[in-house]
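The values are calculated or read from the model by the stated rules, or taken from the named source; none is laboratory data. Only a predicted model underlies this, so the values are computations on that prediction, with no experimental measurement involved. So basically every Cβ, Gly included, is an ideal-geometry build from the backbone, and we count neighbours across all protein chains shown.
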Amino acid sequence: MEENFIFASVITEEEWQTVPVEFGNKIIKFVNEKFEEFITAKALLETKYFDSEQSLTELKAENEKLLNKCESFKSKLEVATNTISEHESQLSRLSTEINKLHSQSNELEAEAAECRHQRNLAVDERDEHLKMAQRRNAEVDRLQNDVNALTKQLESAINSKCEALAQADEVASMKITLEYREKRIEQERILLNSQMESLTEELNQRTDELLNMRRDNTSRCIQLETKLTEKTQELAVATEQIKCVTDLKIITWWREMKNFPKNSCNSAMLTIK
C-alpha cells in the first residue's frame with residue numbers, strides 16, 4: 001500500500017480504498033507513465049538548458065569578437081575615409097596642374113607654329129633676295145658685256161683714227177667723237193662699278209640678316225620644342241600619378257569589402273542596434 005500513498009497529498013487512504021482496485025491500478029500506471037515522461041522531459045530540458053547556456057556563452061564570446069572586429073573595421077573605415085579625402089584633394093590639385101599644363105602646352109604649340117611661320121617668311125624673303133641678286137648679277141654681266149663691246153669699238157675707232165691721220169678734218173671730228181665716247185664709256189664704267197659694289201654690299205648685308213634671323217628662329221624653335229617636350233612629360237607623369245592614386249583607392253576599397261564578412265557585419269550591426 002506504500003505506492004498508493006503517492007496521492008496522500010490529494011486523497012486519504014480510506015478514500016483510496018473506496019476506489020476499485022482495477023481502476024486504481026490504471027490510475028497508478030497512468031501516473032507512473034506520466035512521471036517517467038516527466039523525468040525524461042526534465043532530463044531533456046536540463047540537457048537543452050545546458051546546451052543553450054553553452055551556446056549562449058559561445059554566442060556572447062562570438063559577439064564580443066564581432067564587436068571588437070567591428071570597432072577595428074570602424075577604425076579602418078575612418079582611416080580609409082581620411083585617405084580617400086587626401087587622395088581626392090591630391091586628385092583635385094593634380095587636375096588643376098594638368099589643366100595648367102594643357103594651357104601651357106597649347107600656348108607653346110601656338111608659339112611654335114608662329115615661329116615656324118616666321119621662319120618660313122624669312123626663308124621666302126631670303127629666296128626673294130637671292131633671286132633679286134641673281135637678276136642684278138645678270139644685269140651687271142650684261143653691262144660688262146656692253147663695256148667690253150664698247151671697249152672693242154674704242155679699239156676699233158683708235159685703229160681707224162690711226163689709219164685716217166691723213167684726213168685732218170675727219171680725224172679731228174672723229175677724235176672729238178672718240179674722246180666724247182671715251183668719257184661716256186668711262187662714266188658708264190664708273191657708274192656700273194659703283195652699282196656693282198652697292199649691289200654686292202646690299203646682297204652681303206641681306207644675307208647676313210637672313211642668316212642671323214635663321215639662327216635666332218632655329219634657336220627659339222629648339223627652345224620651344226624642348227619646353228614643349230618637358231611639359232608633355234610632366235603631363236604624362238601627372239596623368240600616371242592620378243591613375244595610380246585611383247587604382248590604389250579602388251584596390252583598398254575592394255580589399256576591405258572583400259575581407260569584411262557579410263554575415264558577421266549583419267550580426268554586429270544587429271548587436272549594436
Open item on the list: Between Asn68, Asn32, Asn63, which is in contact with a Ser or Thr (Cβ under 9 Å, 6 or more places away or on another chain), on the phi < 0 side of the Ramachandran plot and either among the polar types (S, T, N, Q) or free of Cβ contacts under 8 Å to residues at least 60 places away in the same chain (or both)?
Closed with: Asn63
Task: Pick from the stretch 226-235, criterion farther than 23 Å from Glu86 by Cβ and of a type outside the set (D, E, K, R), ranking: farthest from the chain's Cα centre (by Cα) - done: Thr226
- [ ] Please state which of the following conditions Glu78 fails to meet, knowing it meets all the rest: (1) exposed (fewer than 11 other Cβ atoms within 10 Å of the Cβ); (2) outside the structural domain of Trp254 (by TED's automatic domain parsing); (3) of a type in the set (D, E, K, R).
- [x] (2)
- [ ] Kindly indicate which of Glu37, Glu53, Glu86 is of a type outside the set (A, V, I, L, M, F, W, C), within 30 Å of Lys243 (Cβ to Cβ) and modelled with pLDDT of 85 or more.
- [x] Glu86
TODO: Return a yes/no flag: does the stretch 84-94 have any residue that is farther than 30 Å from Lys249 by Cα and part of a helix (DSSP H, G or I).
DONE: no
